[in-house]
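Q: This is the structure I want to talk about, given as structure tokens.
The values are calculated or read from the model by the stated rules, or taken from the named source; none is laboratory data. In this text the structure is predicted, and so the values were computed from the model without any measurement. Here Cβ is always computed from backbone atoms with ideal geometry, including for glycine, and neighbour counts include all displayed protein chains. SASA here: full protein model, heavy atoms, side chains in, ligands and nucleic acids out. Shrake-Rupley method; radii C 1.70, N 1.55, O 1.52, S 1.80 Å.
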Amino acid sequence: MRKISLSFNRKDFEYDVYSLIRAFEPGCEIVTWYEEEQEPEQVNETWDRCRVHYEPDGISFSIRWGNEPVREAQVPVEYEKDRVHTKNVLKQLVYRTLSEVTGKQLPWGDLTGIRPTKIPMKLLEEGWKNTEIAEYMRNTYFTSPQKTALAITIANRERAILEPVNYENGYSLYVGIPFCPSICLYCSFGSHVLGRWSHMVEPYLEALFRELRFISEQMKDYTLDTVYIGGGTPTTLTPDQMRRLLTVLSEEFPLEQVQEFTVEAGRPDTITREILEVLREFPVSRISINPQTMNQETLDIIGRRHTVEETVEKFHMARELGFDNINMDLIVGLPGEDKEKVAHTLKEIEALNPDSLTVHSLALKRGTRLNLMKDQYEEISFENSAEIMDMTQDCARRMGMGPYYMYRQKNIAGNFENVGYSREGKAGIYNILIMEEKQSILAAGAGASTKFVFQNGERIERVENVKDLKNYVERIDEMIERKRKGIRMYLRNGK
Ligand code: SF4
């Protein structure tokens, strides 16, 4: 494993440089330090070294990489004046140098953030043409022609889909149900195994209903555009509990008017005819049934505890009951899954013919069981490649779908992205709103994060709920109070 010492002579843009080095050398160890401090003890002669120096007339970047001779390059920039420009210039300098020493080009160039479509979106809003945006992105961020085209295509589609959404006077609602039948190996959502926590479901719902009633009262002068019930797995609730939740929502919020109402059914092992029938009693317009993979051995490895047959059966059941907007989530890069296995999954998905498909690249996040136990899975390969990503894109095309939203994650397998594909009229509006950060999202439930968005997404403030179930239930008054303050301060300008 490559070990890199990264030093700065002032605290600025450390994380941008750090992320870029990581994008070139995934899995490397980086120690960041400031020159006014002592060099960390573990750094020795065998380590590679990168150094960022802010000087009165510009920024210099020097690097000693393996046995290569030391290189140093400098760019003139008045870094006190314009932060955005300075950041771009510094990242270009680091990218060019790393590209020279490693011989690599990155598909997303020097973009390390999770929302690359925000750039073309902003420029489209300013009236730029697609060709001008493409040229700007390639020259400024060194994005590949393919990724540039993907980002611009998605930004155009997002704009069209969001046209009827009122950013300023509208909002979306997220409701979290943090229970699952078992915990998937790669899960980073902090969900709770129902078998162990079933005694907490009722107290949780009581607290949640209070929070929802509070939001409804506070937001009555705003238009509710989309509702998303996620988690966890919302369909772990019993039919009676689900009916009570949906009754509270329909009594408190104008559900008939919302543009989209999604319930993440998620795990096929939680879906029953009864619970689907309950969803049909209410204006739920979109559900998600997530196979992740259609290979049984992989499902067993990742702890999903459901069968491929169950996924097929529950999908047909939902169709039979009249659901005409069903999303399916897939993960590529799962342990042991090569091209053939992904091809098998795609063939099965195509036969089911969902209305949208979301393709995630596996992310090895800190704290997940998969990351903690990765030594145990050493013999099992984690494969993702441009070819596999192209296969998923071709599959979506064959089903008549185009890309409509995307995001990148840290520690994602092969430095790829997550892409949502859909047919015309079947895109998940909430997904775009949360990614493009265009509208405020009021979020209820344990671990839910409310986002207040202003000035067309230029400014964002968050109000978080506690993650821990017991804490959430016991401190629900405090959660409500936090929201009250947030609404007053951010939505009503202190009124
Ligand atoms: S279904 Fe989703 S939330 Fe539940 S354990 Fe699996 S990844 Fe986590």
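Q: Could you tell me which of the residues GLU202, GLU211, GLU264, GLU217 is of a type in the set (Asp, Glu) and touching a Lys or Arg at 6+ places or on another chain (Cβ under 8 Å)?
A: Result: GLU211 is the single residue among GLU202, GLU211, GLU264, GLU217 that is of a type in the set (Asp, Glu) and touching a Lys or Arg at 6+ places or on another chain (Cβ under 8 Å).
Q: Moving to a separate point now. Residues that are open to solvent by 20 Å² or more (accessible area, probe 1.4 Å) and without any contact (Cβ under 8 Å) to a residue 60 or more places away in the chain: find the strands (runs of 3 or more DSSP E) completely inside the range 408-470 holding 2 or more of those.
A: 449-454, 459-464
Q: Going through LEU162, LEU93 one at a time, which residue ends up being of a type in the set (A, V, I, L, M, F, W, C) and within 19 Å of VAL419 (Cα to Cα)?
A: Only one candidate passes the filter, namely LEU162.
Q: Could you check the range 325-367 and list, in sequence order, the residues that are out of contact with any strand residue (DSSP E or B) (no Cβ under 9 Å at 6 or more places or on another chain) and either outside any loop (DSSP other than H, G, I, E, B) or among the acidic types (Asp, Glu) (or both)?
A: Hits for the range 325-367 are ASP338, LYS339, GLU340, LYS341, ALA343, HIS344, LYS347, GLU348, GLU350, ALA351.
Q: Additional query: Kindly list the number of the only condition in (1) free of Cβ contacts under 8 Å to residues at least 60 places away in the same chain; (2) within 14 Å of the ligand (Cβ to nearest atom); (3) farther than 23 Å from LEU194 by Cβ that fails for MET328.
A: Against the list (1) free of Cβ contacts under 8 Å to residues at least 60 places away in the same chain; (2) within 14 Å of the ligand (Cβ to nearest atom); (3) farther than 23 Å from LEU194 by Cβ, MET328 comes up short only on (3).
Q: Tally time: how many residues in the range 166-201 are within 16 Å of the ligand (Cβ to nearest atom) and either under 13 Å from PRO234 (Cα atoms) or over 23 Å from the mean Cα position of the chain (by Cα) (or both)?
A: Qualifying residue count, the range 166-201: 18.
Q: Is one or more of the residues making up the range 21-38 outside the structural domain of ASN456 (by TED's automatic domain parsing), surrounded by fewer than 16 Cβ atoms within 10 Å (Cβ to Cβ) and under 30 Å from ALA134 (Cβ atoms)?
A: Taking every residue of the range 21-38 in turn, at least one turns out to be outside the structural domain of ASN456 (by TED's automatic domain parsing), surrounded by fewer than 16 Cβ atoms within 10 Å (Cβ to Cβ) and under 30 Å from ALA134 (Cβ atoms).
Q: From the residues in the range 257-298 that are open to solvent by 30 Å² or more (accessible area, probe 1.4 Å) and in contact (Cβ under 8 Å) with a residue 40 or more places away in the chain, which one is nearest to the ligand (Cβ to nearest atom)?
A: ASP269
Q: Given the criteria away from the ligand (no atom under 16 Å from the Cβ) and open to solvent by 60 Å² or more (accessible area, probe 1.4 Å), does GLU163 qualify?
A: Here the answer is yes, as GLU163 does meet what is asked.
Q: Let me ask something else about it. How do the helices (runs of 4 or more DSSP H) wholly within the range 63-159 filter down when requiring 2 or more residues that are open to solvent by 10 Å² or more (accessible area, probe 1.4 Å), free of Cβ contacts under 8 Å to residues at least 24 places away in the same chain and in the same structural domain as SER7 (by TED's automatic domain parsing): which remain?
A: Where helices (runs of 4 or more DSSP H) fall fully within the range 63-159 and carry at least 2 residues being open to solvent by 10 Å² or more (accessible area, probe 1.4 Å), free of Cβ contacts under 8 Å to residues at least 24 places away in the same chain and in the same structural domain as SER7 (by TED's automatic domain parsing), they are 83-102.
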